Amino acid sequence: MAQKVLMKGNEAIAEAAISCGCRHYFGYPITPQTEVAAYMAKRMPKIGGTFLQAESEIAAVNMVIGASAAGIRVMTSSSSPGISLKSEGISYMAGCDLPALIVNVQRGGPGLGGIQPSQSDYFQATRGGGHGDYHLIVLAPASVQEMAQLTVQGFDLADKYRMPVMLLADGTMGQMMEPVELAESTAEKVEKPWALTGTGMKRPHNIVNSLSLTPDELESWNGERYKRYAVIEKEETRYEEYLCDDADIIVVGFGIAARVAKNAVDAARAAGIKAGMFRPITLWPFPKEALHKRAATAKEFISVELSMGQMIEDVELAIRCERPVSLCSRVGGMIPSPAEVLASIKAAAARTGGNA
Amino acid sequence: MLRNIKDSGFPLPSPRARVTLFCGHYGSGKSTVALSFAQLLRENNPEAEVALADLDIVNPYFRTADSGDLMAEMGVRLIASGFANSNVDVPAMPESAYRITEDKKLRVVIDVGGDDRGALALGRYAPALVSENDYEMAAVVNAYRPLTGNLRDLLDVIGEIETACGIRVTGIINCSNLGSETTVDDIIRGGELAEAAARELGVPVLFTAARRALCPELIKRLPEGSAVLPLDHTISHGGIANNG
């Protein structure tokens, strides 16, 4: 077992990336994810890797495209406004079927917004963000330990399915310090015969490209990609359930919101209300089936978010609007308190005839 | 409620210098140590004015300035940027920081920013502090921080800090911790790195800082004559939490 260390979430991402073979990082500083870049700047030169602070986010994401096309593990990280800048490049990566890990440590928006935590890039992350038909696998960590684990899994998933993966954290996750044990990737190394590594005059040359002026060809590329997405929806959906089996009220939340929700669920149980928590770990694919199953027994759902109500749409779609869903949220850098979530649970319990 | 440190019965550090600076790798516990140290200074000097200066202008997320209410309760004056904790990401120095060097009656604890980048801002006060020569420059060490987890890396970071601010480290503090999971064993093991750094730099280990609940067991395990600073507060996101 590895020795425990005390790390910030941002540092855990960086060290975990290094531990699973990432030797190329291209980025641009922005609060609250700057420690990822700072850590990479310190570590990469010592291990023969490349840290490069680009002149802009747009330059950084295009460097990621180049490195990924050459078949190597590469990542970039930013916070909300910077991810908007990178979105063109992310769409190109999806179109070129290039793997990479993209980290978004979200801050309040829109626009320049603020520097405190937020989850208001949920739509951007799960609906694409850039143009065209594509998905990212979106992973939502809820602890520093998970920041490390999901970073490693993110690289593995990106290579396995040849697509960009987003680690969607928030300012709290990035800045908080917790003990963490770093584990190495256990996934099998994925061969990349498509990569631009030089033909050595022994094979036809590879092409990495998202452009096709032949409509039926472009249609078939999209069709092939969506077949892969269907496999991912079937195989890679992840979630955590807490006290859901007999729950009348289920609180749905990811990341920091899930930690707050868990405390509120414990408080509700202590007050005699049958509450449970459902935490999506993959935001795309959203754990639709698992949540829908809960609609058979639960009476109401509450979506806890640091946004004006984005994930709530996926909750409603997942349970096919069979039960009422209410929103408990704070925005602008504010975090819902356990008391606020508890008040929402009590209100839902009162509506459904439970104890309140 | 503040818990008294002076009469806690632990073998406490004995602050001598007018100005005590806490520097080190970010996330090592500088701000937490600075808070408790300022409280002890206040309790030891009921007549003197005590100030805690937050010179961490790099990271707007965690800093002493978040603990304004607590310091008011302690009776410790806060010297911090007007922009601190205001969501304005501006690395500005507080104008009141001139009191650190100008007001020789003031007892000051300085929370230096993390790493060399954080220590850079201290540079402008360094010539006055060095010529007055009534300061202690303490490097806070947490052996469980990955970038300062071995002697070579730790000495590199301390050297970078000294270069950035122009003040030599005069003592080491063992603040080895794994957050809320810290055990006395962890602190003792981390102390070996602090001792090694102290030997290498030719300075003493000034004290060991640990959560108060761990201190009774800790003092039994430390060598005779070691000082311990009990920590009652945690700097965390959005302010401080009292963890008793």
message: Quick check for me: using +1 on Lys/Arg Cβ and -1 on Asp/Glu Cβ, what's the dipole size of the protein assembly as shown about its Cα centre, in debye to the nearest 20?
response: 320
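Which order do A:Met63, B:Met74 take by accessible area at a 1.4 Å probe, largest first?
Details: A:Met63 55, B:Met74 15 Å².
Solvent-accessible surface, decreasing: A:Met63, B:Met74.
Give me the accessible area buried between chains B and A, both sides summed, with a 1.4 Å probe, in Å² rounded to the nearest 100. Could you put the intermediate results ahead of the total?
Numbers: alone 11030 and 15260 Å², together 24150 Å².
Summed over both sides, the interface buries about 2100 Å².
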message: Please compute, for the alpha-carbon atoms of the protein assembly as shown, the extent along each of the three principal axes and give them in descending order in Å.
response: 82, 73, 44
Label point distance in nm, B:Tyr98-B:Ala48, each placed 7 Å from Cα along Cα→Cβ: 2.3
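Where Rh is the Kirkwood radius over the Cα pairs of chain B, the temperature 25 °C and the viscosity 0.890 mPa s, what D in µm²/s does Stokes-Einstein return? Working shown, then result.
Details: Rh = 17.7 Å.
In µm²/s, the coefficient rounds to 139.
Just to verify a number: FRET efficiency for A:Lys227 and A:Ile47, C-beta to C-beta distance, R0 = 25 Å, to 0.05?
Calculated transfer efficiency: 0.10.
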- request: Ignore the peptide's own chain and count Cβ atoms of other chains within 10 Å of each Cβ in B:136-146; give me the average, rounded.
  value: 3
- prompt: Ignoring any ligand, DNA or RNA, what whole percent of the accessible area of the stretch A:36-160 comes from carbon and sulfur when the probe is 1.4 angstrom?
  reply: 55
- line: Residue-normalised value, i.e. accessible area per residue, for the protein assembly as shown at 1.4 Å probe, in Å², stands at 40
task: Return the tail of the calculated pair distribution for the stretch A:5-235, meaning the percent of Cα-Cα pairs more than 28 Å apart.
output: 26
query: Given A:Lys86/A:Lys293; A:Lys42/A:Lys86; A:Lys46/B:Lys220; A:Lys227/A:Lys293, which pairs have Cα atoms separated by over 31 Å?
result: A:Lys86/A:Lys293; A:Lys46/B:Lys220
query: In the stretch A:146-218, which trypsin sites (Lys or Arg not before Pro) are in a loop and have at most 14 other Cβ atoms within 10 Å, using DSSP for the loop call?
result: A:Lys189, A:Lys202
- prompt: Cα to Cα, under 19 Å, and not fewer than 8 places away if on the same chain: which lysines meet these conditions relative to A:Lys262?
  reply: A:Lys274, A:Lys299, A:Lys346
Between the stretch A:305-356 and the stretch A:54-118, the Cα center-to-center distance that results, in Å: 31
query: In nm, to one decimal, how far is the modelled label at A:Leu327 from the one at B:Leu2, with both set 7 Å along Cα→Cβ?
result: 4.4
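In the stretch A:28-64, which GluC sites (Glu not before Pro) fall in coil by DSSP and have 16 or fewer other Cβ atoms within 10 Å? The partial results should precede the final answer.
Numbers: sites: A:Glu35, A:Glu55, A:Glu57; in loops: A:Glu55.
For GluC sites (Glu not before Pro) across the stretch A:28-64 that sit outside H, G, I, E and B with at most 16 neighbouring Cβ atoms in 10 Å, the list reads A:Glu55.
The values are calculated or read from the model by the stated rules, or taken from the named source; none is laboratory data. Just so it is clear, the model here is predicted, and its values are computed rather than measured. Positions of Cβ are generated from backbone atoms using ideal geometry, with glycine treated the same way; all protein chains shown enter the neighbour counts. Accessible surface areas use protein heavy atoms only, side chains included; no ligands, DNA or RNA. Shrake-Rupley method; radii C 1.70, N 1.55, O 1.52, S 1.80 Å.
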